[in-house]
Amino acid sequence: MIFTTVDRTSSKSLTQQVYEQIRKGILDKKLLEGQKLFSTRELASTIGVSRNVVLEAYERLISEGYLEVKPKSGTFVAKGTSLSKISDYPYEKDKKETKKLENAVIDFKGGNPAIDHFPRKKWGQLTKEVCSESQQHIFGYSDSCGIEELRNVLAVYLQRARGVQCQPDQIIITSGATQGLRLITELLISDRQQDYIAVEDPVTDEMRNIFSYANAKIHPVSVDENGIIPELLPKERPSFVFVIPSHQFPLGGILSIQRRLQLIEYARKMDCYIVEDDYDSEFTYEGAPVPSMQGIEQEHVLYVGTFSKILSPALRIGYVVLPPHLVEDFQQLKWFTDRHTSSIEQFVLARFIEDGHFDRHIRKMKKIYQERREVLVNSILLAFKKAKIIGKAAGMHLVVEIPNVDFTKEICDKITSFGVRIYPVEQYSMKKGEHKDKIVMGYGGLTAEQIKKGVKLLKKALNQI
Ligand SMILES: Cc1ncc(COP(=O)(O)O)c(C=O)c1O
């Protein structure tokens with residue numbers, strides 16, 4: 001166990017200090033997965049604080065998924081904690097060794113778009129046009145909310161495609177949805193000791209980590225095949241509820257209209273916000289896409305979108321549509337973070353949308369993703385007779401349930417050694433143990449051949465493990 005001390009002169013509460021040290025211990029790998037922690041009584045007496053202080057810190061770490069309690073045994077560092085998630089981060093992946101392995105492995109990571117279909121030629125042509133034809137001022141500093149041209153075309157597109165109701169000046173261009181969510185957390189969490197965020201469980205670890213690295217408390221709310229379960233929303237007011245209503249990640253449910261309305265009523269009653277992440281809603285393969293929640297309620301919904309999936313994550317362009325009363329404060333935060341997102345890329349993107357290339361590109365990509373999904377579904381059902389596909393036909397990932405297989409970290413590592421990487425749903429769950437036989441398989445970034453080969457390798461691995 002790491003040595004925990006507290007500083008009574010610090011402005012941070014004792015609970016916060018204990019919580020932060022243990023969490024850091026886990027993230028720095030000083031506390032390892034499966035390691036047993038001191039009992040609350042032992043730790044309290046070692047560092048000289050009341051037991052309640054330690055109890056509260058442990059409870060928070062349990063609810064965020066860092067620790068787990070085993071009845072009659074004690075409290076342990078949970079499996080699949082951020083420790084292993086961190087090793088998935090790009091800066092870790094830069095390491096040569098990992099890079100080599102990645103090249104050899106067919107990686108079914110959810111949310112990887114088809115970068116082999118980036119419209120290189122058109123983008124290059126428009127970039128050349130913007131650089132040669134534009135007035136000089138575009139190469140200087142620009143507005144922190146983003147360039148007017150992009151916000152204008154985006155407002156029209158969002159209204160038409162997603163039913164979003166907004167004026168261009170409610171849109172702030174961010175460096176991806178990631179930055180949008182980071183700034184929203186900063187904006188809406190005023191008291192880190194008290195405030196908390198209600199988050200779908202399971203949820204993408206990348207988005208959850210944005211909240212926990214901002215030191216925000218997280219309250220998990222379970223998700224079923226129809227999305228977040230409103231009856232399980234916290235009784236006390238959260239600062240906001242984070243949802244992905246158009247295609248939940250990872251379970252793939254589309255939030256039903258009844259639940260959307262329940263959620264909106266909840267936000268109105270609690271006077272809290274809903275943060276709607278609409279990151280891959282353009283790609284729906286059965287039925288019409290369900291319009292955004294922001295289109296129903298504008299005062300309590302912050303709508304987050306991105307161009308990472310439709311075009312490329314390398315652009316780092318996303319956006320947040322804010323209720324008017326939050327625009328000024330959000331804009332200030334954006335300014336202090338990085339002044340503004342690259343405006344030259346924004347000009348190119350504005351032209352790409354305005355000239356109709358964007359709509360054409362979406363239509364083309366929708367077909368490609370639909371085909372890739374079909375190849376994956378067929379390959380899985382052929383290889384695993386008892387497999388069940390979970391989630392709506394949308395986006396660029398699906399969930400597969402293979403009964404009687406427990407996708408532990410050890411099993412998944414062994415599968416990787418066969419040349420294919422899959423992602424257990426448990427990795428994304430805060431409450432552990434409910435999705436042991438389910439895996440996430442992203443197909444967006446893989447060709448049909450890679451998908452077929454990947455499923456064959458998965459079958460081979462499972463036969464031999
Ligand atoms: C749920 C979710 N929202 C949004 C994004 C997009 O993030 P960004 O726009 O920063 O690339 C991702 C990325 O994988 C995601 O998983």
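Rule-based calculations on the coordinates, nothing more; no lab input. What you see is a predicted model, and the numbers here were worked out from it, not measured in a lab. Cβ coordinates were reconstructed from backbone atoms using ideal geometry, including for glycine residues, and neighbour counts include every protein chain displayed.
If all Cα-Cα distances of segment 135-358 are sorted into 10 Å bins from 0 onward, what percent lands in each bin, rounded to whole numbers?
Histogramming segment 135-358 at 10 Å steps yields 8, 35, 38, 16, 3, 0 percent.
Quick one: work out the % antiparallel among DSSP beta bridges in the chain, nearest 5.
Roughly 60 percent of the DSSP beta bridges within the chain come out antiparallel.
Expressed as a rounded percentage, what relative contact order does segment 14-78 have, with Cα pairs under 8 Å and six or more residues apart?
40 percent
Mean shadow of segment 1-40, computed from the convex hull of its alpha carbons, in nm²?
It is 3.0 nm².
Return the whole-Å distance between the Cα centroid of segment 377-414 and the Cα centroid of segment 209-254.
23 Å
Given 25 °C and 0.890 mPa s, how large is the Stokes-Einstein diffusion coefficient of the chain in µm²/s, with Rh as the Kirkwood radius over Cα pairs?
Estimated diffusion coefficient is 104 µm²/s.
Just to verify a number: FRET efficiency for Glu206 and Ser134, C-beta to C-beta distance, R0 = 41 Å, to 0.05?
Once rounded, the FRET efficiency stands at 0.75.
Can you list residues from other chains, or at least 5 along the same chain, whose modelled amide H is less than 5 Å from the amide H of Leu67?
Those qualifying (amide H under 5 Å, at least 5 residues apart or on another chain) are Ile62, Ala78.
Given Cα positions, please report Rg to Rh for segment 318-384, the hydrodynamic radius being the Kirkwood one.
1.23
As a test of the formula, what do you get for the chain when each DSSP H run with n ≥ 4 contributes -39,500 (n - 2.57) and the sum is divided by the residue count, at 222 nm and rounded to the nearest 500 deg cm²/dmol? Walk me through the numbers before you get to the answer.
Working: 16 runs with 195 residues, N = 465.
Counting only the DSSP helices, I get -13000 deg cm²/dmol.
If you take every residue apart from Leu150 with its C-beta less than 11 Å away from the C-beta of Leu150, what net charge results, scoring Lys and Arg +1 and Asp and Glu -1?
Taking every other residue near Leu150 into account, the sum is -3.
Within the set Lys70/Lys235; Lys386/Lys438; Lys79/Lys453, which residue pairs have Cα atoms separated by over 22 Å?
From Lys70/Lys235; Lys386/Lys438; Lys79/Lys453, over 22 Å: Lys70/Lys235; Lys79/Lys453.
What distance in nm lies between label points placed 7 Å from Cα along the C-beta direction at Leu381 and Ala214?
The modelled label-to-label distance comes out at 4.1 nm.
Check every DSSP H run in the chain and write down those whose alpha carbon atoms cover 15 angstrom or more along the long axis and whose mean Kyte-Doolittle hydropathy is -1.0 or greater. Numbers along the way, then the final one.
On the way: long enough: 14-27 (20 Å, -0.29); 51-63 (18 Å, 0.05); 120-133 (19 Å, -1.36); 148-162 (20 Å, -0.36); 176-188 (18 Å, 0.60); 257-270 (19 Å, -0.64); 327-338 (17 Å, -0.78); 343-354 (16 Å, 0.72); 357-383 (39 Å, -0.59); 448-464 (24 Å, -0.60).
Those that clear 15 Å and a mean of -1.0 are 14-27, 51-63, 148-162, 176-188, 257-270, 327-338, 343-354, 357-383, 448-464.
Take the Cα pairs of segment 272-391, get the Kirkwood Rh, then feed it into Stokes-Einstein at 20 °C and 1.002 mPa s and tell me D in µm²/s. Can you show the working numbers first?
Values: Rh = 17.2 Å.
In µm²/s, the coefficient rounds to 124.
Counting DSSP beta bridges in segment 151-291, what percent are antiparallel, to the nearest 5?
In segment 151-291, approximately 15 percent of DSSP beta bridges are antiparallel ones.
How far, in nm, would the chain grow between Glu148 and Ser256 when pulled straight, counting 0.36 nm per residue and subtracting the alpha carbon separation?
Length difference between fully extended and current span is 35.4 nm.
Write down the Å³ per residue value for the convex hull defined by the alpha carbon atoms of segment 14-78.
Output value, Cα hull per residue: 75 Å³.
If you take the beta carbon distance between Asp7 and Lys414 as r and set R0 to 51 Å, what does 1/(1 + (r/R0)^6) give as a FRET efficiency, to the nearest 0.05?
For R0 = 51 Å, the calculated efficiency reads 0.70.
Determine how many Å³ per residue the convex hull of the Cα atoms of segment 113-154 encloses.
117 Å³
Once you mark the chymotrypsin sites (Phe, Trp or Tyr not before Pro) that are in a DSSP loop and have at most 13 other Cβ atoms within 10 Å, what is the longest gap between them in the chain? Mind dumping the intermediate values first?
Working: sites that count: Phe3, Tyr141.
Longest site-free region, per DSSP loop and neighbour criteria: 142-465.
Below 15 angstrom from the Cβ of Val301, what's the summed charge of the other residues (Lys, Arg +1; Asp, Glu -1)?
-2
If I stretch the segment between Glu299 and Gln370 completely, what's the gain in nm (0.36 nm per residue apart, minus their alpha carbon distance), one decimal?
So the chain would gain 22.1 nm between Glu299 and Gln370.
Test of understanding: express the Cα radius of gyration of segment 322-465 as a ratio to 2.2 N^0.38 Å, with N the residue count.
The reported ratio for this selection is 1.41.
What is the projected area of the convex hull of the Cα atoms of segment 187-272, averaged over all directions, in nm²?
5.2 nm²
Quick one: net charge around Leu251, please, counting Lys, Arg +1 and Asp, Glu -1 for every other residue with C-beta under 11 Å from its C-beta.
That works out to -4.
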